[in-house]
1. What per residue convex hull volume, in Å³, do the alpha-carbon atoms of segment 239-328 yield?
2. What share of all Cα pairs of segment 68-156, in percent, falls into each consecutive 5 Å distance bin?
3. From Cα pairs below 8 angstrom and at least 6 apart in sequence, can you work out the relative contact order of the chain, rounded to a whole percent?
4. With point charges of +1 on the Cβ of Lys and Arg and -1 on the Cβ of Asp and Glu, referenced to the Cα centre of the chain, which listed residue (L269, A167, V130) lies farthest in the positive direction of the dipole?
5. Give me the count of lysine pairs in the chain whose alpha carbons sit under 26 angstrom apart, restricted to pairs 8 or more positions apart or on different chains.
6. Using alpha carbons only, what's the Rg to Rh ratio of segment 229-275 with Rh from Kirkwood?
7. Per the helix-only calculation at 222 nm, which mean residue ellipticity applies to the chain, given -39500 (n - 2.57) for every DSSP H run of n ≥ 4 and division by its residues, nearest 500 deg cm²/dmol?
8. Across every pair of different alpha-carbon atoms, what Kirkwood hydrodynamic radius in Å does segment 133-202 reach?
Amino acid sequence: MRQKQRVLAAAATSIALTVALAACGEAGGGDDGEDEGGSESGGTIGLLLPEDATTRYESFDRPYIEAKIAELCPDCEVEYSNASEDTNLQKQQFDAMLTQGVDVIILDPVDASATSSWVEDAEAEGVPVVAYDRLAEGPISAYVSYDNERVGQLQGEALLEALGPEAEGAGVVMINGSPTDPNAALFKAGAHSVLHDTVDIVFEQDVPGWEAALANEEMTAALDSLGEDAIDAVYVANDGMAAGVITALSSAGVTGIPVGGQDAELAGLQRLVTGEQTFTIYKGLRVEAETAAEIAVRLLNGEDFADLTPDSVDSPTDQGVPSALLEPVAVTVDDIEDTVIADEFYTIEDICAGDYAQACEEAGLG
């Protein structure tokens, strides 16, 4: 049954985020056989993800969301599309879901600034939209993500820690994320807030589409224009682009300088083990995905979800969007076992496979 009225969160709640996550099932839950808040009527939930170049979306976000929806609403269907970093394609996918009669949409936008009219169209048809990971514009019903400015702060803090006593006045290159991704702006702002008064930003560039090849080109341009002696560390907005940056540094014969990323991708974690990358930022995707899935099911059933959204954010088009903003964690090689492995995000066997076995042994991993 299509939801005919946009469901609004209750007035401000003081419930702690841990309680909100408990409502989703402890530590990503669903294994204890309970079916809290399950739907009896069924329905269709649309899931729109922005790209498939980053490993997280197809390997983690999608299966976690689909599994939680199946647990909470066994009779529900999930209509899935991936936009492959194409805003026009995502608009077509969104419109197609409305035409097909989906009841709720979970939207992770390619370009958040383009979505306002889409979400207005959905609202007009009684279809609530949950913004996932990136804050879509328009009258969304809820937003689930991480504290993205805090992500940038953690990146900046980890970079300063890696530089140690050499941090003051160090030459830092910043390779930022896509200008169409609102999270990228928050990562950048958070990093600048930490780095600004200590290091010297000698080169900075946003990278459309988070493309590793473009990050490689920008790092090469920085090396060519500045020379390797002017560069003491590199801030990179995510692990995928860090791969391109590290390739450019290696090609220029530059090794041993701090390079950071984000997302705790498998390849990024392996680079931590080998020492090519200094840190990453881990965001527990299961919790994020399952929170969004449960909000979507509750919207489908016309149920309140205020306990899942203890936070509130403002978008360029809306004030006070009910939100769940989760806490990221900085990870170095010394933290891998206590974070990604403890959460079963990856296993020792995943990280230490093949050529990485010796490096893992030397790092004391496993």
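1. Values: hull volume 12.0 nm³, N = 90.
Dividing the Cα hull volume of segment 239-328 by its residues yields 133 Å³.
2. That works out to 3, 14, 22, 24, 18, 11, 6, 3, 1, 0, in percent per bin.
3. Numbers: 781 pairs, mean separation 74.8, N = 366.
Computed over the chain, the figure is 20 percent.
4. Value computed over the given set: V130.
5. Details: K4/K68; K4/K91; K68/K91; K68/K283; K188/K283.
For the chain, the number of qualifying lysine pairs is 5.
6. Values: Rg = 10.1 Å, Rh = 10.8 Å.
Here the Rg-to-Rh quotient is 0.94.
7. Values: 12 runs with 137 residues, N = 366.
That calculation yields -11500 deg cm²/dmol at 222 nm.
8. Values: mean 1/r = 0.0765 Å⁻¹.
Over segment 133-202, the inverse of the mean reciprocal pair distance is 13.1 Å.
The values are calculated or read from the model by the stated rules, or taken from the named source; none is laboratory data. Only a predicted model underlies this, so the values are computations on that prediction, with no experimental measurement involved. Virtual Cβ from ideal backbone geometry, glycine too; neighbours counted across all protein chains shown. In case anyone asks, the SASA skips ligands and DNA or RNA and just uses the protein heavy atoms, side chains included. Shrake-Rupley method; radii C 1.70, N 1.55, O 1.52, S 1.80 Å.
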